[in-house]
Every structure is written in C-alpha cells, then in structure tokens.
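The values are calculated or read from the model by the stated rules, or taken from the named source; none is laboratory data. Computed from a predicted model, the values in this text were never measured in an experiment. FYI the Cβ positions are ideal-geometry reconstructions off the backbone, even for glycines, and counts take in every protein chain you see. For accessibility, only protein heavy atoms count, side chains too; no ligands or nucleic acids. Shrake-Rupley method; radii C 1.70, N 1.55, O 1.52, S 1.80 Å.
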Amino acid sequence: MKYKIIEILKTFSSQDIKNFERFLNSPYFNESRKIRKLYEILMKHYPEFASVDLYEEKLSYQLNPDIAYNKSTFKSLLFELGALADKFLTIENLGERKFEPEDFLRDEYFKRKLGKYFQQNIEKTEKIFKEYTELSSVYFLHLNRLYTDKFNYLVSSKPKSGRKFISEFTSVLTERAKSISVFFANEIHLNIEISGSLNQTFDINEEKNFELELFKIINYEQLMEFIILNSSKKNYTVLLELNLMQYRLFKDVSNESHYMEYKKYLFKNSKFLCENEISKQYIKLIRYCMMKRTEEKTTADFEKELFNILKHIIKNKYYRTDLNTFLPVELFRLAVKQGLIMNNFKWTLNFIEENHKNLHPDRRENMYYFSMAEYNFQIKNFDEAIKNFNKVDLNHFMLKVDLKCLMMMTYYELGLFENALSVIDAFKHFLTNTNVLIPDIKKRNKAFISVVQKMITLKTSIKPVTGFPFKDYIIPEIPYKNWINEKITELEKGIQRSA
C-alpha cells in the first residue's frame, strides 16, 4: 500500500506511537472512532508495514466486517488519518522550538488586545534570547520578529510624543534594522557559497544568478564591516566576523594568514554557534585546504592540514545539522580519499568500518563497498578491489565517474586490458551523453581516459616502442595523477630497456 500515512508511521519512534495515540484520543483533534480503530489496526504491521495482509480490502473488513468494502470511502479514511498525522507532526515540531511558540502567542495577545500579557511575553522572550547561546540565522530572524512586535505595540499603545517615546521608538527601530541586516547578510552569503559550490560540479548559468547580480549592487564587505562596527553585542558579531573572514579568505586565497585567522576564530567561537552554522563554517576550512593543496608554492602542508580538519570534524560530529544527523556521503568519501593520500591505511580502514554506519541507510552499503574498493586498490589487493566494486550499485551520480576510473586502474594493474578497454568505451559514451557534468570535469576525465588508453596501447604493442609524449596528454587537474605518473615511469623504464 502506498499511502502517506504508511510512510509517516514507518518513521515513528516508540514515543511517537504513544503520543499520536493520545493525540487521536483527544476529541479536540479527532472525534472519529473509526480513525482511532484504523490506527490500531495499521500499527499491528509496525515497523516494516510489509505484511501480505496489509491491503485495503483486508483492512476495511477488520475495521468494519458488517459493511461491504468501498474503495473511495476507505481511501478517504486513510487520507484523513494522514492529515491528522500531519497536524500531529506540526505540533510535535513546534514543541521543540524555542521562539516560534512565543511569536504565535504574542500574535494572539495582540489581536485580543491583551496588552498586559503581550508585554509579559516580550520580557519572557527577551530573557530566552539572552540565555540562548547557539547562534544561527534563525536566531536573528526571530529577534527581528520580537523587535517588530515591540515596535507595533509601541506605536499602537503609547502616546506618540515626548523624549521618552522618541528614544524608545528609535532604539527598537534600530535593533530591528540590525537584526534583519544580520539575517540578510548571513543568508545571502550562504546562498553565494552554495551557488559557487554547485558551479564547481554542475553547469549553472551565472548570468541568471540572483545573488551574483545582487552583489554587483551591494558591497558585501562594506555591509559586514558597517554592521559589526555598529553593534556592541557579541551575539551579533560572531557570525558576521566569521563570514567576513570567509569573504577575505576566498577573495585573497594566496594570503594564508587569512586562513589561520579564520580557523583560530572558528575554533574559539564554535560554542556560540548552532549545529547548522558549525557545519557550514567547517566546510569552508575544507574548501580552502582543497584549493591550496593543488598549488605548488604554499607555506603549509595543506594535504596534512585537510586530513587534520576532516578528523576534527568527524570526531566532534560537526557535520550534523537540524535536518540531517547522518554523516554526509561527500564528507565520508573525502575522508577516505584523504586517508589514502596520506598513506594512513590503518586509520582509513578503521574509519570505513566505524563510520559507514553513520551514513544514511540508503547509502550505507553502497559507500562501504566503494570505499573498500578504493582501500584495497591502494594497498594493491586488486582481486579484493574487484569483488568490492562489483557490489556497488551506481545510484549515486558521482560514483559513476569515480568507479569507472577505479575499474580502469584495477584492470590495468592486473593486466586485464580488454576489461579496461570495455570500461573506457562505456565511460566515453557516458561523458559524451551526460549534460549534467560541467565541461571542466568532462575534460579532466577525458584526459585520464586518453592517458590510460595510450598506456594500454604501449603495454600491448607487439612492435618495439621508442617513446611516447605523455606530457602532451597530462593536464594539471587530471584525476589520480600520482598513479598515472607512477605507471608512466614504469613504462618509460621499460621503453628504455627495449631501446
């Protein structure tokens, strides 16, 4: 049965089951005995809801054996139960929030002209804000809502004259402007970062990018400096200081002191940030290290720095957000790759075994086998690598690219050149036909294919080979560059001996 209510019930914890039962037994929310009984019948199939007895006609008979099955009527009951589940989830979610319930309550006090209680709620909410230490954009959005309500109450209930009114009016209006400015600056910065990140992998039309066009009008750095300068409150400035440091960091990538300053400030002030903000900020450290490690002239070892940052994030679970507590696939993959780059095979194997369990269940098995294939390839256990990558289901888009490269290299190492050429042919068609990958990624992988294909040609050539201009085929961004250089060195030594 494919109904929303079934999908919702699958997610229920034991506490959710008890709470929803109480919810359905409340006449305020539900007066239908049929709905309550239907819920009891459905929960007999919890948690899998995969029984052969779970179908409409059987459920209808269990609900009321004296009435003939009517498809339309029974579907309406399921939809009604689903609607009640939606309302239940809304209430549950609202109960976990700090600011929204007070916002809604003030709305009601204001509409009912209960000024005394409205003012009491203002004071209560201000206390919540003072005690709340984990900053986020949402914090400033609701702070703006508080000052908006204070402004509306002030305008509607106080005489609009006198120094005291003007002073209070100006103060509230100023704080309202500051809070929404922080929210705007933080969120628009996030949008720019997301767009930039996506543009590294996918082809995005920058001419139609709203944020980029907006930044042509607004001087972001001046905006941030102005808000920071005009705020005496620490909770206003932490996010903005971090975002301003971020801006300067990527504006002048060559100045590594910006990185050290940003990293030090982030480590010191992480305690003031909510999970969402912590995750977002640490991603910037990763991004910078990945950019710098490709440069030939750097004063720091950014391969090692990236490895240490990844370990720090994973150890402290700084990848968690309100919407996702699972370890992101991209972060998992990067940690595996970096562990292998550092030749820290013991750590990498231990990381895979322990942390694949923290991935989303839908991706867990797939990523485990793919990562074990990479690990076994690096320790030259090629037969085991083949067993691993043959168990990978290509349901993650980027795995299609990485896995084909891994298969080509493994088959090459084992001398299975026909297998490697078959993968090359399929890979070429994939890169030609897909319109999702950006041209740069296609270019890098096509270069990789060309080099491996030439290497296979040399390996399988019957005639003596005097040399080959591999340098013409290797571009700086080519994937698996270290492996390619190693294999080319082996080939060139073989060519010299043949000569």
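May I ask for the longest run of the chain untouched by chymotrypsin sites (Phe, Trp or Tyr not before Pro) that are loop-located per DSSP and have at most 11 neighbouring C-beta atoms (other than their own) within 10 Å? Result for the longest clean stretch: 56-499.
Cross-link partners for Lys446 among the aspartates and glutamates, with Cα-Cα distance under 18 Å and sequence neighbours closer than 8 places in the same chain left out: Asp203, Asp402, Asp425, Asp472, Glu477.
The helix-only estimate of mean residue ellipticity at 222 nm for the chain, built from DSSP H runs of length n ≥ 4 each weighted as -39500 (n - 2.57), is -23500 deg cm²/dmol after division by the residue total. For Leu214, the accessible area of its heavy atoms, probed at 1.4 Å with every protein chain present, is near 30 square angstrom.
Annotation note: trypsin sites (Lys or Arg not before Pro) in the stretch 282-386 located in DSSP loop regions with a Cβ neighbour count of at most 14 within 10 Å are Lys297, Lys317, Lys380. Three principal axis extents describe the C-alpha atoms of the stretch 1-147; from largest down they are 58, 33, 22 Å. Among the GluC sites (Glu not before Pro) in the stretch 23-74, those placed in a DSSP loop whose Cβ has at most 13 other Cβ atoms within 10 Å are Glu31, Glu48. Quick check on my link table: of Lys380/Lys400; Lys18/Lys357; Lys311/Lys387; Lys268/Lys317; Lys37/Lys75, which ones sit more than 19 Å apart, alpha carbon to alpha carbon? The answer is Lys380/Lys400; Lys18/Lys357; Lys311/Lys387. The charge dipole of the chain, taken about its Cα centre with unit charges on the Cβ of Lys, Arg, Asp and Glu (plus for the first two, minus for the last two), comes to roughly 760 debye. In summary, the aspartates and glutamates within cross-link reach of Lys71, defined as a Cα separation below 17 angstrom excluding same-chain residues under 8 places away, comprise Asp53, Glu56, Glu57, Glu80.
Spatially close Lys pairs in the stretch 118-175, defined by Cα atoms under 20 Å apart and a spacing of eight or more places or different chains, total 6. Step through the table entries Lys292/Lys443; Lys98/Lys251; Lys391/Lys428, compare each Cα-Cα distance with 25 Å, and write down the pairs that go over it. In this structure, Lys98/Lys251 exceed 25 Å between Cα atoms. Here is the P(r) of the chain: all C-alpha pair distances, binned every 20 Å from 0, give 16, 38, 33, 11, 1 in whole percents.
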